[in-house]
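A short write-up of the structure that comes next.
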Amino acid sequence: MSQREFSVAVAGATGAVGNQMIACLEERNFPVGELTLLASERSKGKKLKFRGEDVLVHPIGPESFKGVEIALFSAGASVSKEFAPIAARSGAVVVDNSSAWRMDPEIPLVVPEVNPHRIKDHKGIIANPNCSTIQMVVVLKPIHDRARITRVVVSTYQAVSGTGQKAITELMDQTKAIVNGGSYEPKVYPYQIAFNVLPHIDVFLENGYTKEEMKMVNETRKIMEDDSIQVAATTARVPVLYGHSEAVNIETEHPLSPEEARQLLAEAPGILVVDNVSELRYPLPIDSAGQDLILVGRIRKDISTKNGLAMWIVADNIRKGAATNAVQIAEIVAGECLK
């Protein structure tokens, strides 16, 4: 990038995703000239590290975005609904990680490896997709371009970090208590998460699907720019700290062999193929944690349909599933400003 630097704000800076956004800005050497860290009133006075320096956290308010050029939001949907338009009116380009704006037809929903061209359509706000959607569509894109995907069936196995720090603590504390012969009353989840699987993420809707499952349906179509793709999702929470896993079955209009798919994915940006079952090499969530690549393996023919593929996809939900994707969008925004 050029020597031009930008005034950047991170809203929700003290949360897990906000912390990772700050880390990604530093890791990726984003041209930050001035960094403003924002959070709720209870975080007032807290300091976070950026490039070895302490940066004071300020309470978010209507005046927080004066002079800010790029604002990364990692707060909840209600905060984004209130403050993202304020930031945009103040002249900032907002990259919002919440669900608030994702399905707004006026707002681009972007994964840089899939539809970066949509960034130019923004009117001040760009939406960051759901974590489980991001890792799936990066893998779907090269397959769709080659063979046109008609149907996707996905089952997710999502880490507790997707719920936040309280869920991580609950899993750790429950596990310790149960191993030591005790008990631990669930607080974050409706049932025990340690040594268990919960087929329930977000609220249930009238159609029997959860909100998380319908996010995957609707966001996939919007990002892929093809409403004809049929998507069915089942999302589950598993006792894993970091890294969402997905079992994905894909049907295509044109035949595509597992070998061809493996080669396509190996050449695609943001993907690492880990697929050698003879040596028991396949993607694991513990291997995805702490990196930005999406791991893909177990690529094989879906023997239940004519043009079908099955695969296993894993990614760090806090990094590529949230913070890194947002910073990648910001990099494109910054690049456009330098043209």
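The values are calculated or read from the model by the stated rules, or taken from the named source; none is laboratory data. Since we're looking at a predicted model, the values are computed, not measured. Cβ coordinates were reconstructed from backbone atoms using ideal geometry, including for glycine residues, and neighbour counts include every protein chain displayed.
Mind listing just one residue for me: the one in region 168-192 that is in a loop (DSSP other than H, G, I, E, B) and within 22 Å of the chain's Cα centre (by Cα) and, of those, farthest from residue 20 (Cα to Cα)?
The selected residue is 189.
Just to be sure before I move on: is residue 292 surrounded by 17 or more Cβ atoms within 10 Å (Cβ to Cβ) and in a loop (DSSP other than H, G, I, E, B) in the structure I sent?
yes
Going by the conditions given, is residue 77 among the small types (Gly, Ala, Ser) and touching a residue at least 24 places away in the same chain (Cβ under 8 Å)?
On the way: among the small types (Gly, Ala, Ser): yes; touching a residue at least 24 places away in the same chain (Cβ under 8 Å): no.
The answer is no for residue 77.
Out of all the residues in region 49-87, which are in a helix (DSSP H, G or I) and surrounded by 18 or more Cβ atoms within 10 Å (Cβ to Cβ)?
Listed by number, the residues that qualify are 79, 80, 83, 84, 87.
So is residue 7 touching an Asp or Glu at 6+ places or on another chain (Cβ under 9 Å) and either polar (S, T, N, Q) or in a helix (DSSP H, G or I) (or both) or not?
Spelling it out, residue 7 is indeed touching an Asp or Glu at 6+ places or on another chain (Cβ under 9 Å) and either polar (S, T, N, Q) or in a helix (DSSP H, G or I) (or both).
Which of the residues belonging to region 175-199 are of a type in the set (D, E, K, R) and modelled with pLDDT of 95 or more?
176, 187
Just a yes or no: is a residue in region 150-167 part of a loop (DSSP other than H, G, I, E, B), in contact with a Pro (Cβ under 6 Å, 6 or more places away or on another chain), over 30 Å from residue 65 (Cβ atoms) and not assigned by TED's automatic domain parsing to the domain that holds residue 68? Full working, then the answer.
In the first step, residues of region 150-167 are kept if they are part of a loop (DSSP other than H, G, I, E, B); the result is 159, 163-164.
Filter once more, keeping what is in contact with a Pro (Cβ under 6 Å, 6 or more places away or on another chain): none.
The answer is no, given that none of the residues of region 150-167 is part of a loop (DSSP other than H, G, I, E, B), in contact with a Pro (Cβ under 6 Å, 6 or more places away or on another chain), over 30 Å from residue 65 (Cβ atoms) and not assigned by TED's automatic domain parsing to the domain that holds residue 68.
May I ask you to list the residues in region 176-228 that are of a type outside the set (Phe, Trp, Tyr), in contact (Cβ under 8 Å) with a residue 40 or more places away in the chain and in contact with a helix residue (DSSP H, G or I) (Cβ under 7 Å, 6 or more places away or on another chain)?
193, 194, 201, 215, 216, 219, 220, 223, 224
Taking residue 322 as the residue in question, decide whether it is modelled with pLDDT of 95 or more and closer than 22 Å to residue 215 by Cβ. Before you say what the answer is, go through the steps one by one.
Working: modelled with pLDDT of 95 or more: yes; closer than 22 Å to residue 215 by Cβ: yes.
Yes: the conditions hold for residue 322.
For region 117-144, how many residues meet the condition of being farther than 19 Å from residue 265 by Cβ, touching a helix residue (DSSP H, G or I) at 6+ places or on another chain (Cβ under 6 Å) and part of a helix (DSSP H, G or I)?
Of the residues in region 117-144, 2 are farther than 19 Å from residue 265 by Cβ, touching a helix residue (DSSP H, G or I) at 6+ places or on another chain (Cβ under 6 Å) and part of a helix (DSSP H, G or I).
Going through region 18-48 one residue at a time, which ones are among the aliphatic types (A, V, I, L, M) and outside any strand (DSSP E or B)? It would help to see each step written out before you state the result.
Start the filter on region 18-48 by keeping residues that are among the aliphatic types (A, V, I, L, M), which leaves 21-23, 25, 32, 35, 37-39, 48.
Hits for region 18-48 are 21, 22, 23, 25.
Show the residue pairs meeting these rules: Cβ distance below 6 Å; 6+ apart or different chains; first residue within region 267-296 and in the same structural domain as residue 160 (by TED's automatic domain parsing); second residue in a loop (DSSP other than H, G, I, E, B) and acidic (Asp, Glu).
Matching pairs, first to second residue: 269/113; 270/113; 288/316; 289/316.
So which residues in region 104-116 are part of a loop (DSSP other than H, G, I, E, B), under 29 Å from residue 305 (Cβ atoms) and among the aliphatic types (A, V, I, L, M)?
111, 114
I'd like to know if region 228-240 contains one or more residues that are touching a Phe, Trp or Tyr at 6+ places or on another chain (Cβ under 8 Å) and among the basic types (Lys, Arg).
yes
Has region 218-227 got at least one residue that is surrounded by fewer than 18 Cβ atoms within 10 Å (Cβ to Cβ) and out of contact with any strand residue (DSSP E or B) (no Cβ under 9 Å at 6 or more places or on another chain)?
Yes, there is a match, as at least one residue in region 218-227 is surrounded by fewer than 18 Cβ atoms within 10 Å (Cβ to Cβ) and out of contact with any strand residue (DSSP E or B) (no Cβ under 9 Å at 6 or more places or on another chain).
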